[in-house]
Every structure is written in structure tokens, then in C-alpha cells.
Amino acid sequence: MTAKFEKSVLSGEISAPPSKSMAHRLLILAALSGGKCKVDNIDSSEDVLAMIDCLKSLGALVKTEGRAAFVDGSDFLKNPASDLYCRESGNTLRFMIPLCLTTGRRITLHGSKRLMERPQSVYESLCAENGWEYQKGDCCVTVCGNLGKSSSFTVDGSVSSQFITGLIFALLSLTGTGSITVLEPFESRSYVELTANAAAQFGGSVSFDGADRIIVAGKSIMPRDVTVEGDCSNAAFLEAFNFVGGSVKVNGLSDSSVQGDRVYKQHFAALSCGCPTIDISDCPDLGPILISLGALLNGCKLTGTRRLAMKESDRGAAMQREMRAFGLEINVGENDITVPKCALSRPQKLLGGHNDHRIVMALSVLCSVLGGEIEGAEAVSKTYPKFFEDIKSLGAKVELI
């Protein structure tokens with residue numbers, strides 16, 4: 001699908017889409033509760049559907065009605081299927097592997113080639129240290145182990161917080177108290193805090209003992225009805241239009257949210273005032289939109305960008321390639337990206353979406369100002385399937401072909 005933009009100014013009110021990160025956590029915790037729960041305000045994005053499919057394969061009963069999911073975890077992890085299908089969801093793959101390792105069964109997790117190229121070193125090392133099976137193919141990984149005999153882990157905090165959250169879920173499924181020691185640097189710590197917040201909604205206990213140790217009380221999750229909060233990550237793309245002449249009010253975000261990407265508001269304000277240096281090591285998903293907005297405003301330098309190469313695409317390289325079509329050369333270093341101030345022009349060629357939802361949405365902000373066409377626009381269905389519908393309701397002149 002190609003999104004063809006003409007110049008437009010967006011205005012109006014819109015509700016933030018539900019948080020994919022929180023939806024994943026709440027759905028897993030509902031299954032771990034061992035009872036019946038309602039998880040309200042979910043969407044039908046590809047990542048959420050992948051999570052639901054995998055929970056069903058691990059024995060949970062999940063029924064969706066409208067924007068609600070009804071989860072019965074009575075048989076969760078008791079008689080798992082031998083195959084799980086994670087599609088392109090990094091959260092799903094990394095959250096499921098430790099749960100699979102608690103079952104003692106040989107389970108194969110399937111996904112796209114790009115998904116399997118993303119780092120899994122923490123789990124690979126864990127399996128090697130304990131003599132558990134870990135076999136990785138081009139589009140799958142097979143695991144078999146007995147994580148239930150372990151109660152304490154030490155993990156590298158520089159790769160992805162998703163590994164830490166995955167181990168938290170495994171420890172919550174077991175009896176007794178467990179711990180995870182995180183080796184510095186502890187990047188994206190806010191996402192682990194999000195996991196602790198989600199567990200607390202079910203009465204669970206996940207707490208920090210100092211800066212680098214997490215204590216998890218097993219079997220502490222109880223059945224609850226919960227609601228998924230609005231998504232700061234995707235709301236950032238909507239509020240970006242306010243800094244290029246628009247007037248968009250985004251409703252449905254929690255003032256008390258611990259989502260790491262809530263910092264987008266202060267980063268956008270800094271971009272509008274000058275050419276700031278912004279550390280995104282704790283909010284890497286904001287990388288593409290900060291590059292786009294920086295290019296349209298006063299330029300910027302992003303640090304802590306190393307992990308952009310590990311996402312759905314190599315986001316630094318992808319944005320570098322597409323910004324050239326606007327007449328701008330950005331510098332992508334090993335752990336930093338410099339976006340100079342430069343007059344931009346309408347692209348004279350088709351832009352690429354790189355099969356990455358955040359690249360497509362970041363380019364959409366640029367194209368709303370300058371015009372242009374984005375190939376592979378369907379990638380937004382990964383986390384925000386209504387993105388184009390929503391921005392059209394705000395006045396975006398975009399045609400989907």
C-alpha cells in the first residue's frame with residue numbers, strides 16, 4: 001500500500017490508541033492469574049493479535065469482544081502446544097520464551113526472518129549456562145528447559161529490557177521469591193517499571209532492591225479486571241503535528257503513566273526552541289519521530305541510539321536513506337545521530353517504509369508538511385492500524401493506493 005500525501009495542516013481532537021506495551025503485559029498477567037479477567041481497551045494491531053495467539057497456544061482461553069479481551073487462565077502453561085507464532089512481534093517472542101522454559105516442554109516459536117535477526121543473546125546464554133536446549137533457525141527458535149528450578153538470574157541490561165520483563169513473567173508463574181540482577185548499563189528501565197506497575201494492578205509484587213536488583217514474588221498474581229491506558233509511543237506521532245503548524249489535542253493519556261515514551265512532550269519542546277542533544281537510550285522508539293521533527297525545525301543530536309539498529313528495521317540507517325530524498329544528509333554514528341538544520345524539499349521519488357511502523361509514521365509527519373508518497377504504508381498495522389484513518393479525520397490530505 002502506498003500513502004500519497006499532499007500538504008495539509010491537521011487540527012482537532014483524537015483519542016490516543018491503547019498502549020501495545022501495556023496491553024501485552026496485562027494480557028499475560030491475566031493468563032498468569034489462573035482465573036477469569038477482562039482486559040479492556042485493546043486494539044486489533046498485529047502485535048496484540050500475535051500475543052493473543054501465543055497465550056492461547058500456551059493454554060489460556062481468550063475471547064475478544066469489541067475492544068475487550070476476556071481471559072481465562074485456568075489451564076495456562078499446563079498443556080502447551082508445541083508451536084507458537086509470534087509474527088513480527090519482538091515483545092511477544094521475548095516475553096514468551098521464559099514462559100515456555102517453565103513448562104519443561106520442547107516448544108518452537110516462529111516469526112519473521114527480521115524478528116529472528118534481532119538479538120536474543122540473553123536467553124541463548126541462559127540456556128547454555130543451564131544445559132537447556134536453544135536452537136535458532138532463520139524463522140524460528142526452539143527451546144526446552146526447566147526454568148522452574150532457578151530462582152535468581154543475572155542478565156545484561158544493555159541489550160533490551162524485554163528480556164528482563166520476560167524473566168519477571170516466568171518468576172511470577174512459579175512458587176517462591178525470585179530475583180533478577182541487571183548488569184549496567186540498565187537501558188529502558190522504564191519498561192521494567194511498566195511491568196511492575198502492570199503486575200501491581202493484579203496484586204502482584206515486583207519491586208526494586210536498589211538500582212539493579214529486582215525482587216519477584218511468585219504466584220502473587222490474582223484475577224482482576226483492568227483497562228489498557230493510552231499509548232504515549234504512538235501519541236507522539238499525533239502530537240508532532242502541533243510543532244509543524246497543526247493544532248491536535250490527544251486525549252486518553254494517563255498523567256501518572258510510567259511509560260518511558262511519555263518524555264516525548266519535553267523533547268518536542270526542546271526541538272522547537274533550538275538544536276538540543278537528546279539521550280534516547282530509555283526511549284528508543286521515539287528515534288524516528290525526533291529525527292523527522294528535528295529536520296523540520298532546528299536540527300538535533302540524538303545520543304544512545306545504538307539500539308535503533310535492533311528494531312523492526314535498522315531505524316538509523318532507514319531514516320538516513322529516506323531523509324536524503326528530502327535533501328538532508330543526517331550523520332549516523334555508532335551510538336549517536338546528528339540531524340543538521342537544512343531547508344527540506346518535497347521528495348521526487350517514492351519513499352520506503354522499511355516494513356517498520358514507526359518509520360512510516362515519522363515519514364508521514366514530514367509528508368504532511370512537504371508532500372510525498374510512502375511505499376509499504378501498511379506497516380502501521382503492527383501497532384496502530386487506524387493511523388491513517390485517524391490523521392485523515394484531523395485533516396491530513398492522504399490517499400491510500
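The values are calculated or read from the model by the stated rules, or taken from the named source; none is laboratory data. Owing to the predicted nature of the structure, the values given are computational and were not obtained by experimental measurement. With ideal geometry, Cβ positions are generated from the backbone for all residues, glycine too; neighbour counts draw on all protein chains shown.
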Checklist outcome for this item: Note on G210: of the conditions (1) of a type in the set (G, A, S); (2) over 24 Å from G148 (Cα atoms); (3) surrounded by 15 or more Cβ atoms within 10 Å (Cβ to Cβ), unmet is (3)
Checklist outcome for this item: Residues of segment 333-364 being of a type in the set (A, V, I, L, M) and out of contact with any helix residue (DSSP H, G or I) (no Cβ under 9 Å at 6 or more places or on another chain), in sequence order, are A343, L350
Item to check | Residue count for segment 216-231, restricted to those that are closer than 26 Å to G304 by Cα and outside any loop (DSSP other than H, G, I, E, B) | outcome: 1
Checklist entry - What about N234, is it in the same structural domain as S173 (by TED's automatic domain parsing) and surrounded by 17 or more Cβ atoms within 10 Å (Cβ to Cβ)? => result no
Checklist outcome for this item: Residues of segment 43-93 being surrounded by fewer than 19 Cβ atoms within 10 Å (Cβ to Cβ) and polar (S, T, N, Q), in sequence order, are S44, S57, T64, S74, N79, S82
Next on the checklist: Please list, ordered by residue number, the strands (runs of 3 or more DSSP E) wholly in segment 1-96 having 2 or more residues that are among the polar types (S, T, N, Q).
Outcome noted: 11-15
Item to check | Counted residues, segment 314-323 - those being surrounded by fewer than 22 Cβ atoms within 10 Å (Cβ to Cβ) and under 16 Å from the mean Cα position of the chain (by Cα) | outcome: 1
Checklist entry - Within segment 182-212, can you find the residues that are modelled with pLDDT of 95 or more and assigned to a loop (DSSP other than H, G, I, E, B)? => result F202, G203, G204, S205
Checklist entry - Tell me, which residue of segment 253-270 that is in contact with a helix residue (DSSP H, G or I) (Cβ under 7 Å, 6 or more places away or on another chain), closer than 16 Å to N242 by Cβ and hydrophobic (A, V, I, L, M, F, W, C) is surrounded by the fewest Cβ atoms within 10 Å (Cβ to Cβ)? => result L253
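Table: residues versus (1) in the same structural domain as S173 (by TED's automatic domain parsing); (2) under 20 Å from the mean Cα position of the chain (by Cα); (3) among the hydrophobic types (A, V, I, L, M, F, W, C); (4) not in a loop (DSSP other than H, G, I, E, B).
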{"residue": "I214", "(1), (2), (3), (4)": "yes, no, yes, yes"}
{"residue": "N242", "(1), (2), (3), (4)": "no, no, no, yes"}
{"residue": "D261", "(1), (2), (3), (4)": "no, yes, no, yes"}
{"residue": "A269", "(1), (2), (3), (4)": "no, no, yes, yes"}
{"residue": "D282", "(1), (2), (3), (4)": "no, yes, no, no"}
{"residue": "L286", "(1), (2), (3), (4)": "no, yes, yes, yes"}
{"residue": "L290", "(1), (2), (3), (4)": "no, yes, yes, yes"}
Checklist entry - On the given criteria, is G294 in contact with a strand residue (DSSP E or B) (Cβ under 9 Å, 6 or more places away or on another chain) and surrounded by 24 or more Cβ atoms within 10 Å (Cβ to Cβ)? => result yes
Next on the checklist: For segment 169-186, give me each residue that is closer than 20 Å to G260 by Cα and buried (at least 23 other Cβ atoms within 10 Å of the Cβ).
Outcome noted: F169, V182
